[in-house]
Structures are given as structure tokens and as C-alpha cells.
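Chemist: Structure in C-alpha cells, see below.
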Amino acid sequence: MARDVTVLVVEDDEAMQRVLQQTLRPRYTVLTASCWRQAHEIRSHAEVDVLVLDVNNLTAPERLGVDELCLEAGRTPIVLVASAVREAPGNGRARSGPLMTFPARPVSLRELHRAVEEAVVHQHDGRDRDPAGAAREESNGILAHSSPMRNVMGLIDRAAQRDTPILLIGESGTGKELLARALHRKSPRSAGPFVAVNCSAIPETLLESELFGHRRGAFTDARDDQRGLFQSAERGTIFLDEIGDMAPALQGKLLRVLQEKEVHPLGAPAPVPTDVRIITATHRDLGTLVADGRFREDLLYRINVIEVRVPPLRERPDDLEPLVHHLLRKHGARLGKPGCTVAAAAMARLRQHVWPGNVRELENVIERALVLGTAAVINVDDLPERLRDHPAANGCGAAGRRLADVEREHILRTLRDVKGNKTAAARLLGLNRKTLYRKLTHHRIAHAE
């Protein structure tokens, strides 16, 4: 756990106050108060993530109204040291922040750590329900604690209510499909289907039939009528990922769909009306493709009414740690390691990394560490070699170096880790093979097989 998590300990016994400080300081920033009134004053000028509070420090009315204390604490979780009781007192009213009880003294420092850790997780989980929009964590894994991602989510919220075409632009692994799903879920079409199509994953000769459908006998092996994906998405949303890889001939047919609101299945005598919202995405510079004659300018104008740039993970450092905790919860239970955490040194290595594969690469790293790690805490040794041997660990960080140079070095290091296996390297980097080969060519890395 990083030291940017602040814990406020409310304890009137000076000796116990020092013990709690020494226990929590290696992992958190610790503030102390001797009573609830002093704690309230500290919270008025300092941002606090978790409160650790002993029942003995409460007045009699406060003990009977712990829920009111929770309301006063707002969204800050409270770890209540419930001396002499196992259940926290309270009157059962609704609380705005989670309340966790902690057994009576003598205090088990291990249990205290666990309770504070759980409170921190609850604090991160609760940010998505903050009406002020300070941070969000969607059920599908979108986290927006950083300013760049909060701006993206604000734009998504405003754009969702209309059928205006939206183009999502961002590097591979940044979560463009998650954002497209969020757009659909927030839109009036949310009750309809959401259909995702990766235009680079379907061969050019099949993509037209997949999108628009075909009639029996339209081509060899067309033994039956087949509905296209546009028809499958009727009254819903179709997401065309990697639109920049679509063949020019098919781009013209997609343009007609946008203009005429109809699709023409292969072999059909007439077009079929369609009622579908179209969201597109790409990691490419479509303007450059237009200049090179590889993408239709009129189609670009049609799909790019609203452009949403999805920032890479290196531009949203405030989201890294919440993403790590989200991924630990997501994969920890499935892999039999619920409650697993990350040591401060390992978290530092994660922060130092440039993440060319973005969130997809981060997810691979966390899942790998959960599978191979032997303890309930992920340490530096549980990380891939390319992160363990980060230059910053040897006193020569990436600051001042060109991003392209850092990325090239990272790709080479990953290839060495997997002994040149391109498929394994692409998976570890959170890239598809086509994107990896494009980067190999860009960085002039030999990749003949």
C-alpha cells in the first residue's frame, strides 16, 4: 500500500498512540488526535482516507449514535476499535461511509492492518458513488480517479444521451471497448443489444458478410441466410473497433449505412432498414491514413462527430494504484487469493513502469503475480523480470529519456524474457500480434520468424 493513503488515529492514550503510529507508518501516512473533536478539526484541513477510532474515546451519546458519527465522517471509512464489544453500537440508521468493527484490546496488530486494508478498499470502491464525481469505479472495471479519465467520463456521460456517432481514439489496451459499453449502458438504447466487432481480427473477405449478412447462394458455402451483426444490434449499439484497419471498399459501404440507415446483405434484392447506434475506435492516426489514401475522408467526418481521446496509463498515474486494487479483487478471489496486497517496493516498481500495453498489460502483470506468488503480499520478486530490473531501481530512471526509447527497451526486454516468442511477448505487453509487429517495425527491431 502506498504512503499517499492517510490514516487518522483517534486515541487518548499516548503510549497506544505511539504504538499505532509505529505500526501503520511503514504503509500509510498517519495523523493522530486525542479525541473526536480534535479529529474533526484535523479533517477540516487535511484529506483523510481512513479513521481508526476507539470506542473509549467517544462520549456516552456518541457511543449510542455511532451512525451519526459516520454521517459526520462523510465517505471516510471508520475502523472502530470496539473495546469490550464485538458489534459496534448504533441505532441502525443509514450510513454514508462503511463502518468496520475491530475486536477489543489487546490489539492484534495483524488484525488492525487487515481492518485498515479493508477500509482502504472500501474507500476506493465508494468513490464511484461520489455525486461530486471525484472518482468513479464502474462495475465493468472503468476507474476514473485521475483528472484525464474524469474528463473522459464526463464527456461519455454527456454524449450518451444522443445517437451522435462517437470515435474513441487511444492506444491498444486503454479500455476503449469498456468505454463503448459504458456509453451503451448510459444511453436510451441500454435495453437493446451491444455488439462488438474487431475489424482487424476478421479477414477482409469475411468482414462484409459478418457486418451486413448474406442470402443463401450469395457466394460459395453460403448455404443459408445469415443475419449480419448490424441486424443483430438492432435497437442497440454496434462497436466497430480498429476501424482504421477496415478495407477502403468496405469503408464506402459503411458510409452508406451511416447516411441511409440501411444495410444491404450480400445477395439480397434490396437493402434492409437498420436502427443502430455506431461507435468506432482506433489506435491509429486517421488523419494520416486519409492523407495516405488509406481511409475515406468523408467517412472520417461521419464517424468523428464527437472525438474522445482515451489517455494511456502513463498519463493517468493517479489511476494506477486503484486499478491495481481493482485487479487484485477481480482475480484474487478467482485464483484463491482474496485479500492479497502489494508491497510498497513492488508498487514503486509498478509506478516506474511506462506501460506500453496500458491497462491490459497491468492486468497481465497482476494476474501473473497472483498465480506465481507464494505469499498474501505481492513482492518485487513476484513481478516479471522487465519490471524487477527497471532502470530506476539502479538509480537511472526514465526521466528525460524519449518515450520511444523507453518503449523500445521495454519491448526488447520482454522479448528476451520469453526467448523471442512473439505471441507470448504480445500477451505480456497487453497487445495483439498485429500491434506488436507494427511496433517492432517502428522501432526497427528484427522480427522475422
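The values are calculated or read from the model by the stated rules, or taken from the named source; none is laboratory data. The shown structure was predicted, so the numbers you read here are calculated from the model rather than taken from an experiment. Cβ: placed from backbone, ideal geometry, glycine included. Neighbour counts: every protein chain shown. Ligands, DNA and RNA are stripped out before the accessible areas are found, and what is left, the full protein with its side chains, is counted by its heavy atoms. Shrake-Rupley method; radii C 1.70, N 1.55, O 1.52, S 1.80 Å.
Chemist: Quick check: anything in the range 309-325 assigned to a strand (DSSP E or B), out of contact with any Phe, Trp or Tyr (no Cβ under 9 Å at 6 or more places or on another chain) and open to solvent by 40 Å² or more (accessible area, probe 1.4 Å)?
Modeler: Step one: list which residues in the range 309-325 are assigned to a strand (DSSP E or B), which gives 309.
From what is left, the residues that are out of contact with any Phe, Trp or Tyr (no Cβ under 9 Å at 6 or more places or on another chain) are 309.
When the remaining residues are screened for being open to solvent by 40 Å² or more (accessible area, probe 1.4 Å), the result is 309.
Yes, the conditions are met somewhere in the range 309-325.
Chemist: With the structure loaded, tell me whether ASN379 is open to solvent by 10 Å² or more (accessible area, probe 1.4 Å) and farther than 26 Å from TYR28 by Cα or whether it fails that test. Step through it out loud before you land on a result.
Modeler: Working: open to solvent by 10 Å² or more (accessible area, probe 1.4 Å): yes; farther than 26 Å from TYR28 by Cα: no.
No: the conditions fail for ASN379.
Chemist: Could you count how many residues in the range 193-236 are in contact with a Ser or Thr (Cβ under 7 Å, 6 or more places away or on another chain) and of a type in the set (Val, Ile, Thr)?
Modeler: 1
Chemist: Note down all Cβ pairs under 6 Å where the first residue falls in the range 346-375 and is under 15 Å from GLU407 (Cβ atoms) and open to solvent by less than 10 Å² (accessible area, probe 1.4 Å), the second is of a type outside the set (Val, Ile, Thr) and assigned to a helix (DSSP H, G or I), and they're at least six residues apart or on different chains.
Modeler: Every condition considered, the pairs that remain are TRP355/LEU313; TRP355/ARG314; TRP355/GLU361; PRO356/GLU407; PRO356/HIS410; GLY357/LEU429; ASN358/LEU313; GLU361/LEU429.
Chemist: List pairs: first in the range 272-299 and closer than 14 Å to GLY244 by Cα, second among the hydroxyl-bearing types (Ser, Thr, Tyr) and in a loop (DSSP other than H, G, I, E, B), Cβ under 6 Å, 6+ apart or cross-chain?
Modeler: From residues that are closer than 14 Å to GLY244 by Cα, the pairs are HIS283/SER172.
Chemist: If you go through the range 357-367 one residue at a time, do you hit one that is touching a Gly at 6+ places or on another chain (Cβ under 8 Å) and at pLDDT below 75? I'd like the intermediate steps shown before the answer.
Modeler: Just the residues of the range 357-367 that are touching a Gly at 6+ places or on another chain (Cβ under 8 Å), to begin with: 357-364.
When the remaining residues are screened for being at pLDDT below 75, the result is none.
No: zero hits.
Chemist: Assuming SER187 fulfils every condition listed in (1) over 16 Å from the mean Cα position of the chain (by Cα); (2) open to solvent by 60 Å² or more (accessible area, probe 1.4 Å) apart from one, which condition is it?
Modeler: In the conditions (1) over 16 Å from the mean Cα position of the chain (by Cα); (2) open to solvent by 60 Å² or more (accessible area, probe 1.4 Å), SER187 misses (2) alone.
Chemist: Kindly establish whether GLY236 is at pLDDT below 95 and at positive phi.
Modeler: Numbers: at pLDDT below 95: yes; at positive phi: no.
Against the criterion (at pLDDT below 95 and at positive phi), GLY236 does not qualify.
Chemist: In the range 150-158, is there at least one residue being in contact with a helix residue (DSSP H, G or I) (Cβ under 9 Å, 6 or more places away or on another chain), at pLDDT below 90 and either within 23 Å of LYS330 (Cα to Cα) or crowded, with 21+ Cβ neighbours inside 10 Å (or both)?
Modeler: no
Chemist: Of everything in the range 225-243, what is open to solvent by 10 Å² or more (accessible area, probe 1.4 Å) and either not in a loop (DSSP other than H, G, I, E, B) or not acidic (Asp, Glu) (or both)? Give them in sequence order.
Modeler: GLN226, ARG227, LEU229, GLN231, SER232, ARG235, ASP241
Chemist: What single numbered condition from (1) part of a loop (DSSP other than H, G, I, E, B); (2) free of Cβ contacts under 8 Å to residues at least 60 places away in the same chain; (3) surrounded by 13 or more Cβ atoms within 10 Å (Cβ to Cβ) fails to hold for GLY336?
Modeler: Just one mismatch for GLY336, condition (3).
Chemist: Additional query: Filter the range 415-449 for residues that are in contact (Cβ under 8 Å) with a residue 40 or more places away in the chain and not in a loop (DSSP other than H, G, I, E, B); which is most open to solvent (accessible area, probe 1.4 Å)?
Modeler: Filtering the range 415-449 for residues in contact (Cβ under 8 Å) with a residue 40 or more places away in the chain gives 427-432, 434-435, 439.
Those still in the list that are not in a loop (DSSP other than H, G, I, E, B) too: 427-429, 434-435, 439.
On the way: ARG427: 142, LEU428: 39, LEU429: 2, LYS434: 99, THR435: 7, LYS439: 42 Å².
The extreme case among them is ARG427.
Chemist: Residues that are in a loop (DSSP other than H, G, I, E, B) and open to solvent by 80 Å² or more (accessible area, probe 1.4 Å): does the range 275-283 have at least one? Explain how you work it out, then say what you get.
Modeler: The initial filter retains those residues of the range 275-283 that are in a loop (DSSP other than H, G, I, E, B), namely 275-276, 283.
Now narrow it down to the ones that are open to solvent by 80 Å² or more (accessible area, probe 1.4 Å): none.
The answer is no, given that none of the residues of the range 275-283 is in a loop (DSSP other than H, G, I, E, B) and open to solvent by 80 Å² or more (accessible area, probe 1.4 Å).
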